[in-house]
1. Mind counting the residues in the stretch 182-222 that are at pLDDT 80 or above and at positive phi?
2. When only residues in the stretch 147-173 that are of a type in the set (S, T, N, Q) and modelled with pLDDT of 80 or more count, which is least open to solvent (accessible area, probe 1.4 Å)?
3. Given the structure, is Asp486 closer than 27 Å to Leu423 by Cβ, open to solvent by 30 Å² or more (accessible area, probe 1.4 Å), of a type in the set (D, E, K, R) and in contact with a helix residue (DSSP H, G or I) (Cβ under 8 Å, 6 or more places away or on another chain)?
4. For Ile596, state whether it is touching a residue at least 60 places away in the same chain (Cβ under 8 Å) and closer than 21 Å to Arg145 by Cβ.
5. Does Leu87 satisfy the criteria of being part of a helix (DSSP H, G or I), out of contact with any Asp or Glu (no Cβ under 9 Å at 6 or more places or on another chain) and either surrounded by fewer than 17 Cβ atoms within 10 Å (Cβ to Cβ) or not assigned by the TED database to the domain that holds Val443 (or both)?
6. I'd like to verify a number: residues in the stretch 364-378 that are touching a residue at least 24 places away in the same chain (Cβ under 8 Å) and either over 15 Å from Gly518 (Cα atoms) or open to solvent by less than 40 Å² (accessible area, probe 1.4 Å) (or both), how many?
7. Quick check on my filter: what residues within the stretch 517-560 are on the phi > 0 side of the Ramachandran plot and either modelled with pLDDT under 75 or not in a loop (DSSP other than H, G, I, E, B) (or both)?
Amino acid sequence: MISVEGLKVEFNATPLFEDVSYVINKKDRIALVGKNGAGKSTMLKILAGLQQPTSGVVAIPRECTIGYLPQVMILSDKRTVMQEAELAFEHIFEMQADIERMNQQLAERTDYDSEEYHKLIDRFTHENERFLMMGGTNFRAEIERTLQGLGFSREDFDRSTSEFSGGWRMRIELAKLLLRRPDVLLLDEPTNHLDIESIQWLENFLSTRANAVVLVSHDRAFLNNVTTRTIEITCGQIYDYKVKYDEFVVLRKERREQQLRAYENQQKQIEDTEAFIERFRYKATKAVQVQSRIKQLEKIERIEVDEEDNSALRLKFACSSRSGSYPVICEDVRKAYGDHVIFHDVNLTINRGEKVAFVGKNGEGKSTLVKCIMGEITDYTGKLTLGHNVQIGYFAQNQAQLLDESLTVFDTIDRVAVGDIRLKIRDILGAFMFGGEASDKKVKVLSGGERTRLAMIKLLLEPVNFLILDEPTNHLDMRSKDVLKDAIREFDGTVILVSHDRDFLDGLATKVYEFGGGIVKEHLGGIYDFLQKKQIESLNELQKAPALSTSPSGGKENADTTTQSSGAKLSYEEQKELNKKLKKLERRVADCESEIEQTESAIAILEARMATPEGASDMALYEQHQKLKQQLDSVMEEWDAVSTELEAVRKEQ
């Protein structure tokens, strides 16, 4: 569908990548990978038509539609959720206004026998039929269905977008994209700000219902579950693998090892040939052989080994001084916006040196409590006490977007550095992979990951003993995340981590605070202890039966007793039943997907016939088309319900 040929992009005469060529085919699921700053976001912007390359061609068919989800979204805070989602149907509104204008003209004109009047009737009829075919009368129902699928309730539809957290606003943008049903989806780190449930929903949608997808993400599990092809951008070149991410990592390692072996063998051959030439160059009896070896040497095609980008982040948080024993104490803290209660009766104590995680769905109040601790929100009730000598370093979700885009990297740090640190700015920037000319880049041209690193430097320059990091891994590549994790682990002070990245939290958090339903619940232990406990709790809830069951002795007992006695583990018979149910649901999902594909193909054939002059006037085709669309909606709803049930059953295992 999209053909990229000889693409080259330069910044300040330095090539970001050059001579890049590849093709995006229908139904491709492509992971675009590489280090921060390699050019992934730039590539997506070029494909979306938002940025022009220095040279090269991107050929996109005229009928091909593209949907682009950027890293940083700009939503108008003047609209409600429903009004924002309705923007996906702007073309419908324009068509509706055009039809109303024509209707008005038909009502006002009196030249009924003129050729122009008959042409107007024909155009009105054609446009009205096209409007009905495109779902002009039921688009609101489709919006509601999509928003509810993404987790919004009907009460949320009339709320302003400004009331929602980053993850929910991302879902509004996703809803708009999905409602437009583009031929190619370009997604730049879509899992940033999304909670685990939303990520699983998106995985499901992209795997089964999307057309072509080009995806940038640093979430390894997400890439493996969605993509089937990996394009790596490294050292100004691309490497195209027809496999998912984990297989790509293995193949890339094997390819480099093979190149190295072939290169070493060739180098030995060249050395031996050169040694022979040098040894017998002046012997007349060997002249023919020497000339033969020289020609042989000239014909050798030199093997090149792929360059490897070995630059790495070096990071260390220094603890400024010792704080009091209890940096944060909350007693009956409550926060509400009008009638909407975010949380209530929050009682928690964080000890000096603890590393705790705030987890839960988006919009449940994690960032709100952080802002209360920071003093940014003061209109809460209850008592929140900060300990003696607590010096807070705060990394906000949108910290990278708060940087002044008109400044250079060097000037950004120069403005916050004080004392002797000013003499070491270049060294600090080098440790954060901003060495050499990179320190003179303007902030506005930096990638999301580079901005995050720059914001992290500003945080490092503050003397703190209490770190609050709100989604610090957003936009960071996998190697940088590991470095950040090590730095937090070695930090002697207290840390609050707000994150949905389970692998990042593993081994860091020793206590987990779960936000949900207006309450904050404490769980001792690490993130996987918490997740295991949650699975057991949900299993207990699922197995509780409202009716009383008869025991073998003839008496009655509650099903909950059986659950408790089994130690929250499924018996052999229960596991057997669960497996049967799982297989049945998997078959039904597969049947639905097959039916969806067949119905979409039938609709496409009908639409092709309706686009012809003969088909445009055949009302039977339009009726058949409407029936197929209703059938498709019905199967889609069933697929959604069965997929949700399947996910729930899988979690029980």
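The values are calculated or read from the model by the stated rules, or taken from the named source; none is laboratory data. Bear in mind the structure is a predicted one, so any value in this text is a computation, not a measurement. Here the Cβ is made from the backbone with ideal geometry for all residues, glycine too, and neighbour counts use every protein chain on show. Ligands, DNA and RNA are stripped out before the accessible areas are found, and what is left, the full protein with its side chains, is counted by its heavy atoms. Shrake-Rupley method; radii C 1.70, N 1.55, O 1.52, S 1.80 Å.
1. Count: 1.
2. Thr161
3. The answer is no for Asp486.
4. So Ile596 passes the test.
5. Yes.
6. Residues in the stretch 364-378 being touching a residue at least 24 places away in the same chain (Cβ under 8 Å) and either over 15 Å from Gly518 (Cα atoms) or open to solvent by less than 40 Å² (accessible area, probe 1.4 Å) (or both): 10 in total.
7. Gly554
Every residue, every condition in (1) of a type in the set (Gly, Ala, Ser); (2) over 22 Å from Asn211 (Cβ atoms); (3) surrounded by 13 or more Cβ atoms within 10 Å (Cβ to Cβ), yes or no:
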{"position": "Gly49", "(1), (2), (3)": "yes, no, no"}
{"position": "Val57", "(1), (2), (3)": "no, yes, no"}
{"position": "Ile60", "(1), (2), (3)": "no, no, yes"}
{"position": "Ile66", "(1), (2), (3)": "no, no, yes"}
{"position": "Pro70", "(1), (2), (3)": "no, no, yes"}
{"position": "Gln83", "(1), (2), (3)": "no, yes, yes"}
{"position": "Glu94", "(1), (2), (3)": "no, yes, no"}
{"position": "Asp98", "(1), (2), (3)": "no, yes, yes"}
{"position": "Glu116", "(1), (2), (3)": "no, yes, no"}
